[in-house]
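The values are calculated or read from the model by the stated rules, or taken from the named source; none is laboratory data. Keep in mind that what you see is a predicted model, and the values were worked out from it rather than measured. Positions of Cβ are backbone-derived with ideal geometry, glycine not excepted, and every protein chain shown enters the neighbour counts.
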Amino acid sequence: MKTLIIRITLVIFGAGLGFILVAGSSTSISKSLVSDQLPQSRRRNVVRASASAGTERKDLQCLIRNLREDRQKSDIRRELERMSPDELRSGMLELMEVRRKDGTSSTQFLFDEFGAELYRREGEAALEWAEMQDTVATRFYESAMCSILKAVAASSPSVLKRWVGRLPDNLQQAELSQHYTIAINSAAERGTDDWIKAAQLPIQFWQGASSYSDDFDFSRMLKEVPNGSGVNDALSYWAAQDKEAAWDSLKTIYDGGAQGEEFFLGSLWKGVASTEGSQPALDWVVSHLDQIPESSRESAIEGLAREVRNRPEDFGALLKALPKESDRVTVAEEALDLRSTPKQQKEVKAALNDLPRQEQMAALFKKAKSYAKLYQEVESKRAGLENLLGSSMDLFNLNADERAQVMAELNGSPSSTSP
């Protein structure tokens, strides 16, 4: 069988012009393919630029730049639709070769268009083909599988989930972030059913969709995939639109015995704050705390603290807004794990230092107790935990007696003064 050699020669014209991939020639562009589409001056330039094999790489780089500058998606897709599946596969292999040799990411758009068209034609057979080709790609983003999976992500979360499960175990989550983003945004446009499937992908990311269909059922989302990827972000989006409906749905989850569900209360605050401002949002959220069952209250407040500490300028306001000492201690204990910029640390430290000494010590005892089991059972972890707790004690300028009380809690022999 005659081997089909596809040499990539990209011609991206101006408005109304298209993409040409020439098969069977590595050094020339057929004048007949461009004669009716290019202005005379550009037509001469394209033909002249492709006149010799010696300028092939220079031509390719120039044309790739044109791709970046004025690519026309609809024209490219029309050209790809005219190709056979064999030509599409050969084109992808050729682009993989170009990307590997030149180290350029400028062809990514074109590579993805090839993958999308091949998947549209062949469905999962395209993925099976890509699976056999990926030994030639040194990085996942250069592979045919990566490109075709983007088309899968845009159309079917279920198929994406199945194929992500077949990828190498050592593949980093970050390498799949673009697929998750495509899946979650595309599914949100289609509606709740598909979005719930996308939220169950084994790709854990916080970010939700940028927008949701008009009939999107956020309440159903919370019931069916409370721990799904993007759910907290979706809750913020909903709270910005209708805070009372979002709260009513969230309260149903708390009434059912949920233990805070990660950042839910913080997501509620974040959404309301985006439309009403931070302080009114804090006041509104705090006014609902007594409606949360006692069994869920602490974990709910932990979720609120985790979100607010990302905006340390609001951290002091949160501590002042909380009505109960136990709530403030919970927030303070969460803040002791803060990993942030010096400016953020300074603001949080100032807020914590405004707490009564009794509450500062209660937060330290609580933190020490959370470390105690690991500290006592795993010797290799002891030095690190001592350093962490030591930094927290330094924050409050503890005296020797106070430090001894906290360390006693860490060792599992709390003093009579600890809670």
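Remark: pairs (first residue in the range 388-411, touching a residue at least 60 places away in the same chain (Cβ under 8 Å); second residue part of a helix (DSSP H, G or I) and hydrophobic (A, V, I, L, M, F, W, C); Cβ separation under 6 Å; 6+ apart in sequence or on different chains) are absent.
In the range 215-237, the residue that is surrounded by the most Cβ atoms within 10 Å (Cβ to Cβ) out of those that are under 9 Å from S267 (Cα atoms) and small (G, A, S) is A234. If only residues of the range 238-253 that are in contact with a Gly (Cβ under 9 Å, 6 or more places away or on another chain) and surrounded by fewer than 23 Cβ atoms within 10 Å (Cβ to Cβ) are counted, the one that is nearest to D290 (Cα to Cα) is K243. Looking only at the range 342-377, residues that are farther than 13 Å from L319 by Cβ, at pLDDT below 95, out of contact with any Ser or Thr (no Cβ under 9 Å at 6 or more places or on another chain) and of a type outside the set (G, A, S) come to 11 in all.
Of the helices (runs of 4 or more DSSP H) entirely within the range 292-406, those holding at least 3 residues that are under 22 Å from V272 (Cβ atoms) and of a type in the set (G, A, S) occupy 294-308, 315-321. Of the listed requirements (1) at pLDDT 90 or above; (2) surrounded by fewer than 16 Cβ atoms within 10 Å (Cβ to Cβ); (3) within 31 Å of the chain's Cα centre (by Cα); (4) not charged (D, E, K, R), L304 misses just one: (2).
For K270, indicate whether it is in contact (Cβ under 8 Å) with a residue 24 or more places away in the chain, charged (D, E, K, R), in a helix (DSSP H, G or I) and more than 26 Å from T181 (Cα to Cα). For K270, the condition - in contact (Cβ under 8 Å) with a residue 24 or more places away in the chain, charged (D, E, K, R), in a helix (DSSP H, G or I) and more than 26 Å from T181 (Cα to Cα) - is not met.
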